[in-house]
1. Kindly indicate whether any position in the stretch B:179-188 is away from chain A (no Cβ under 14 Å), touching a residue at least 40 places away in the same chain (Cβ under 8 Å) and more than 29 Å from residue A:20 (Cα to Cα).
2. Looking at the stretch B:392-419 only, could you name the residues that are within 20 Å of residue B:445 (Cα to Cα) and within 14 Å of chain A (Cβ to nearest Cβ)?
3. Just wondering, is there one or more residues in the stretch B:67-78 that are facing another protein chain (nearest Cβ under 8 Å), in contact with a Lys or Arg (Cβ under 8 Å, 6 or more places away or on another chain) and more than 21 Å from residue B:14 (Cβ to Cβ)?
4. Kindly provide the set of residues from the stretch B:3-49 that are part of a loop (DSSP other than H, G, I, E, B), closer than 27 Å to residue B:171 by Cβ, more than 9 Å from chain A (Cβ to nearest Cβ) and at pLDDT 95 or above, ordered by number.
5. Filter the stretch A:10-43 for residues that are more than 9 Å from chain B (Cβ to nearest Cβ), surrounded by 24 or more Cβ atoms within 10 Å (Cβ to Cβ), touching a Gly at 6+ places or on another chain (Cβ under 9 Å) and under 26 Å from residue B:64 (Cβ atoms) and give the result.
6. If you scan the stretch B:105-138, which residues turn out to be assigned to a loop (DSSP other than H, G, I, E, B), hydrophobic (A, V, I, L, M, F, W, C) and in contact with a Leu (Cβ under 9 Å, 6 or more places away or on another chain)?
7. Taking residue A:160 as the residue in question, decide whether it is more than 11 Å from chain B (Cβ to nearest Cβ), on the phi < 0 side of the Ramachandran plot, free of Cβ contacts under 8 Å to residues at least 24 places away in the same chain and open to solvent by 90 Å² or more (accessible area, probe 1.4 Å).
8. Please specify each residue of the stretch A:1-43 satisfying the condition of being touching a Cys at 6+ places or on another chain (Cβ under 6 Å) and in a loop (DSSP other than H, G, I, E, B).
Amino acid sequence: MNKFDTFTGLVAPLDRANVDTDAIIPKQFLKSIKRSGFGQNLFDEWRYLDHGEPGMDSAQRQINPDFVLNQSRYQGAEILLARANFGCGSSREHAPWSLQDYGFRVIIAPSFADIFFNNCFKIGLLPIVLDSSIVDRLFEAVKQAEGYRLTVDLQKQAVVTADDQEYVFEVDIFRKHCLLNGLDEIGLTLQHAEKIKQFEQKRRIEQPWLFA
Amino acid sequence: MKQTLYDKLWHQHVVHQESADPNSMALIYIDRHLVHEVTSPQAFESLKLAGRRPWRLNSILAVADHNVPTTDRSKGIHDPISRLQVDTLDQNCDELGITEFKMQDVRQGIVHVIGPEQGATLPGMTVVCGDSHTSTHGAFGCLAFGIGTSEVEHVLATQCLLMKKSKTMRISVDGQLGFGVTAKDIALAIIGKIGTAGGTGYAIEFAGSAIRALSMEGRMTLCNMAIEAGARAGMVAVDDITIEYIKGRPFAPRDDLWDKALPYWRSLHSDEDALFDRTVTLEAAIIAPQVTWGTSPEMVTTIDGNIPDPALVADEVKRHDMQQALTYMGLQANTPIQQIYLDKIFIGSCTNSRIEDLRAAAGIIKGKHIATNIKQALVVPGSGLVKQQAEQEGLDRIFREAGFEWREPGCSMCLAMNDDRLTAGERCASTSNRNFEGRQGPGGRTHLVSPAMAAAAAIAGHFVDVRGLNG
């Protein structure tokens, strides 16, 4: 996992609540056994007018000009501004993979679905929860000002506007540490291998039916 | 201190905690790891690249369910991409020595059906799977939840997961359910009440006399849809019904081990007066059969209701979402639910494909035939063993004579990763769990209902109130 450094990025707004993982990356693309290449099919059913299947050349497909991410002003966006319960639905990590592969590094929303939220941290994509009144304000600002950018400073746990307005966000201390240092969680867990073995041994004695 | 069932399950599995703060990240031991073909290939690949091996092989049970065809399997899978994904699971399992029920095995089926069916899901376990509907297994008094592919790899490599303790919610449903009202209707009524994000951050325990009265199959249906209420885990306390269900199943303990397990299993309930972070109550008697009308499970009403009118909703975002949903669904506000005509019927999925579901549907359609406007009606049993049992009971004949197609087990049209799907604009009464845009096929329109309601709609051609039928 790459280290998460402070950056300033273009913001794109996705103004609907309950955006589900089927919308983020439709099921036909889940047949891939790879971890990369999902970005071209992010929001596939909204982004294109024709039906997408794995293996299609996205450059040859019919773009939906009405979909917000297709507008020229949002090309190169790295921060997705979203509404409540973003990422609800399935546990597919393909959803964060596709957002990251598309170029997003941060998603800001008033709330996220649990599994999606958790999956994001595993790959270095940062989901930020801000109060819905602040998110409302950011939606207004993005829509009004072309080229609207925000700075995300994970160390300070702050989203900063161009005019230095700071919005502080919460992040678990362990997750923050992993993101800032680009740490591999499996490696960290295996530092406790002895403890896991002891736990397992004790469990084997107390609840032997689990190991039969 | 008084503990909830979730507290007990959590404390039993903490291997390590980052700090003295009970809300800090904890390392949780995983007892059962269920694996399917869609969310595992990248995990196995990374595991191999890192030179690691699975920590405990006999904790793992694998099956292919999402991509498998539900028609004749003797020729294999014709879609090369689907085939590669299933072959990859087979190869990974063969190579590492993981127990897998392959496609031709009679025990193959939907991962959340076969775990309990085999007794591989036991009370007190932590059960994980790279699939959000893993919450199903909580019906057995387990802590069961869906994980992403990075976590699949983490469990393979370490037998543990890093996580934070959830808040607790008790949803009590008391009283007696009316005739024709099922666990599916309870699930949808709860989601209608608390919303699809109502359970976010919580582990839900379903309690109350109406829950105690449910069979294990009903409890599985209910816990299955905890995730649709936003909760990663749903659970029900262990009682005689739980224990009776498990007894004699292939992976369940026997003899001395069974006797040893029982007292522990019987302790798996919330202590009286245990404190929950949130409690919700519903009265069973007033729950009517439910039908979803929109593109989120919370967009639900009763069979005697009408499609709500967005114009009456004050919240701007919500109004906009409702309008968008009605446009997608091709429906008008204020239309009575019973005037919605259907094109397809799907009875199946990890929510409703067990033997009792098939019996309930067969009971409605026996001696009748699907309406002329129904283009296709599918029954997809949850496993090969469910299919076998249903055939022994003659249910397959009832379905076939009524004009239903009797299929091989798998996820099928719940998410349409195989060939079973809706085409654009088609409207389906489905016993599955998600009515998201495109879920059952691009442009497809899904209405979530119970098996009895789906069966009744198949016969009438439109939604009807099962409470008015004699069965």
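The values are calculated or read from the model by the stated rules, or taken from the named source; none is laboratory data. Keep in mind it's a predicted model, so treat the numbers as computed, not measured. Virtual Cβ from ideal backbone geometry, glycine too; neighbours counted across all protein chains shown. The protein model used for the area step is the full one, side chains on, heavy atoms only, and it has no ligands, DNA or RNA in it. Shrake-Rupley method; radii C 1.70, N 1.55, O 1.52, S 1.80 Å.
1. Yes - at least one qualifying residue is present in the stretch B:179-188.
2. B:411, B:412, B:413, B:414, B:415, B:416, B:417, B:418, B:419
3. yes
4. Correct list: B:3, B:4, B:30.
5. A:24, A:41 - these are the residues of the stretch A:10-43 that are more than 9 Å from chain B (Cβ to nearest Cβ), surrounded by 24 or more Cβ atoms within 10 Å (Cβ to Cβ), touching a Gly at 6+ places or on another chain (Cβ under 9 Å) and under 26 Å from residue B:64 (Cβ atoms).
6. Restricting attention to the stretch B:105-138, the residues satisfying the condition of being assigned to a loop (DSSP other than H, G, I, E, B) are B:105-108, B:110, B:119-125, B:130-131.
Going one step further and asking which of them are hydrophobic (A, V, I, L, M, F, W, C), we end up with B:106, B:110, B:120, B:122, B:125.
Answer for the stretch B:105-138, where residues must be assigned to a loop (DSSP other than H, G, I, E, B), hydrophobic (A, V, I, L, M, F, W, C) and in contact with a Leu (Cβ under 9 Å, 6 or more places away or on another chain): B:106, B:120, B:122, B:125.
7. So residue A:160 fails the test.
8. Residue satisfying the conditions is A:18 alone.
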